[in-house]
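Colleague: Handing you a structure now.
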Amino acid sequence: ARVYGFLQEVWRAGDAHWQMNAAQIHKDTTYHIKYVATPVLMKDSEKVEMQCEVALREIYDRLDNHLNIVIPCAEVGDLETLLGALVARYGEKDADGNDQFIAVTGPMSSEEKETNIGLVQSGRYRAVLFSSCIDCGHSFENQDLHYDLVMFRLHNRSISAEIAFQLAWRFRRTRRNEIIFLCNPAMRDYAVQPGYEHEPVRRVDPGMLLQCPPDADAELRSGTSSWKSVDKCKRWLDANCRTYKEETYHIQTARGSYKLVRKRAPREVTLQEAEDQLTAAACVHRYVQDAEFSQEGPEFQLSDAVRGMLSEGRELDMASMFQLNYPLLRRMAKVLQDECNLKRNLMPELKRQIALSGASVPQPEFISLPE
């Protein structure tokens, strides 16, 4: 609301236009994008535990080397898990009785959040953890460069790339000028690491088989054409995605022959398709009953007829939908479109944000626990 009021004043002043900064202020920042690789055969609960453990080892390594870190988290549950693990390993307080870690999360009351934000501004902690509840009205200067780097726990189901990039820069400066994105395995950049799907085949020409490299894995049958399992091969292809880019591969395992096919990015949902989806009665009813949409201002007010239907608990049909002001429909459709395309577009859009800042776009890195 503050930004909207400011922009209205700017527009009233005369010629309003957007332009990029004359200087790219983040061009010297070093970015890393690290994917957590987990065995495909693990149970889902085991995968979640291992993903957290891999990320924790990255964080432990920095803390053990006496670095102070900033840890934005896309999800509150992940933040709480990390904070609990850090306190269990290093203790809640240091030798002088000072708190070592501090967090700011959405479930906190407004008073708690404001108090902790003030403590972050003035305190000196080993790690600061926060979620997207710290909005664009807050930033931390880190004038004495007490904090060395940012390690972002990123998921592809909670926040957009724009919000993620803003969260990564809540601290305006760090001593090492470094930001590391620790991504969960579900995140995909289909242009670089699409992954492969497999299907069994009856017979494969031996000359077409993908050989198992000697350095692929200690457990693999090195120096032969046979892989220990199809999942081992898929993980190895993921880790070597910059070299192995063919559309299809054929492999031989102890259980038979398989064809591996490169995955395609899901088709992007268009704005028109999002509008069409909103005009379904149940979906429209779910969106417009949110009071926020009816309190935005005259241009977003619902018509009396629609408001009456909502007060009676009736669902909106197609005819009623056209009684909504079109700006409201377009706004809701854009929100829905972004939600539908979040998993598809998060990583490419994040890399675009990095490029626009003037920094070098990093190549993906893959980290995992020992077998």
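The values are calculated or read from the model by the stated rules, or taken from the named source; none is laboratory data. Computed from a predicted model, the values in this text were never measured in an experiment. Every residue, glycine among them, receives a Cβ derived from its backbone with ideal geometry; neighbour counts consider all protein chains shown. For accessibility, only protein heavy atoms count, side chains too; no ligands or nucleic acids. Shrake-Rupley method; radii C 1.70, N 1.55, O 1.52, S 1.80 Å.
Colleague: I'm checking my understanding of the structure. Among residues of the stretch 75-86 that are hydrophobic (A, V, I, L, M, F, W, C) and farther than 14 Å from residue 104 by Cβ, which one is least open to solvent (accessible area, probe 1.4 Å)? Please lay out each step first, then the result.
Modeller: Narrowing the stretch 75-86 to residues hydrophobic (A, V, I, L, M, F, W, C): 76, 79, 82-83, 85-86.
When the remaining residues are screened for being farther than 14 Å from residue 104 by Cβ, the result is 85-86.
Working: 85: 23, 86: 1 Å².
Among residues in the stretch 75-86 that are hydrophobic (A, V, I, L, M, F, W, C) and farther than 14 Å from residue 104 by Cβ, the one least open to solvent (accessible area, probe 1.4 Å) is 86.
Colleague: Please work out if residue 150 is part of a loop (DSSP other than H, G, I, E, B) and not basic (Lys, Arg).
Modeller: On the way: part of a loop (DSSP other than H, G, I, E, B): no; not basic (Lys, Arg): yes.
For residue 150, the condition - part of a loop (DSSP other than H, G, I, E, B) and not basic (Lys, Arg) - is not met.
Colleague: Exactly one of (1) more than 25 Å from the chain's Cα centre (by Cα); (2) surrounded by 12 or more Cβ atoms within 10 Å (Cβ to Cβ); (3) within 18 Å of residue 63 (Cα to Cα) is unmet by residue 119. Its number?
Modeller: (3)
Colleague: Now a separate question. Kindly evaluate residue 167 against the criterion of being over 30 Å from the mean Cα position of the chain (by Cα), modelled with pLDDT of 80 or more and surrounded by 15 or more Cβ atoms within 10 Å (Cβ to Cβ). Quick ask: steps written out before the conclusion?
Modeller: Values: over 30 Å from the mean Cα position of the chain (by Cα): no; modelled with pLDDT of 80 or more: yes; surrounded by 15 or more Cβ atoms within 10 Å (Cβ to Cβ): yes.
When the stated conditions are applied, residue 167 does not pass them.
Colleague: Kindly indicate whether any position in the stretch 170-181 is assigned to a helix (DSSP H, G or I) and either open to solvent by less than 20 Å² (accessible area, probe 1.4 Å) or touching a residue at least 12 places away in the same chain (Cβ under 8 Å) (or both). Full working, then the answer.
Modeller: Within the stretch 170-181, the first condition is being assigned to a helix (DSSP H, G or I), and the residues that meet it are none.
For the stretch 170-181, residues assigned to a helix (DSSP H, G or I) and either open to solvent by less than 20 Å² (accessible area, probe 1.4 Å) or touching a residue at least 12 places away in the same chain (Cβ under 8 Å) (or both): absent.
Colleague: Being among the hydrophobic types (A, V, I, L, M, F, W, C) and open to solvent by 60 Å² or more (accessible area, probe 1.4 Å) is the filter here, so list the residues in the stretch 122-144 that pass it. Explain how you work it out, then say what you get.
Modeller: Initially, the stretch 122-144 is screened for residues among the hydrophobic types (A, V, I, L, M, F, W, C), giving 127-130, 133-134, 136, 140.
Once the filter is applied, which keeps residues that are among the hydrophobic types (A, V, I, L, M, F, W, C) and open to solvent by 60 Å² or more (accessible area, probe 1.4 Å), the stretch 122-144 yields only 136.
Colleague: Look at the stretch 125-147 and say how many of its residues are in contact with a Phe, Trp or Tyr (Cβ under 9 Å, 6 or more places away or on another chain) and either free of Cβ contacts under 8 Å to residues at least 24 places away in the same chain or part of a strand (DSSP E or B) (or both).
Modeller: 4
Colleague: Could you tell me which residue of the stretch 195-207 is nearest to residue 343 (Cα to Cα), considering only residues that are under 39 Å from the mean Cα position of the chain (by Cα) and surrounded by fewer than 17 Cβ atoms within 10 Å (Cβ to Cβ)? Can you show your working first?
Modeller: First, pick out the residues of the stretch 195-207 that are under 39 Å from the mean Cα position of the chain (by Cα): 195-201.
Right, trim to surrounded by fewer than 17 Cβ atoms within 10 Å (Cβ to Cβ) and you get 195, 197-201.
On the way: 195: 14, 197: 18, 198: 22, 199: 25, 200: 28, 201: 31 Å.
Top of the filtered list is 195.
Colleague: Tell me, which helices (runs of 4 or more DSSP H) wholly within the stretch 239-321 include 3 or more residues that are at pLDDT 65 or above? Show your work before the answer.
Modeller: Numbers: elements: 271-278, 281-288, 304-311, 318-321.
Those helices (runs of 4 or more DSSP H) span 271-278, 304-311.
Colleague: Return the residues of the stretch 145-164 that are open to solvent by 10 Å² or more (accessible area, probe 1.4 Å) and over 15 Å from the mean Cα position of the chain (by Cα); say none if nothing qualifies.
Modeller: Listed by number, the residues that qualify are 145, 146.
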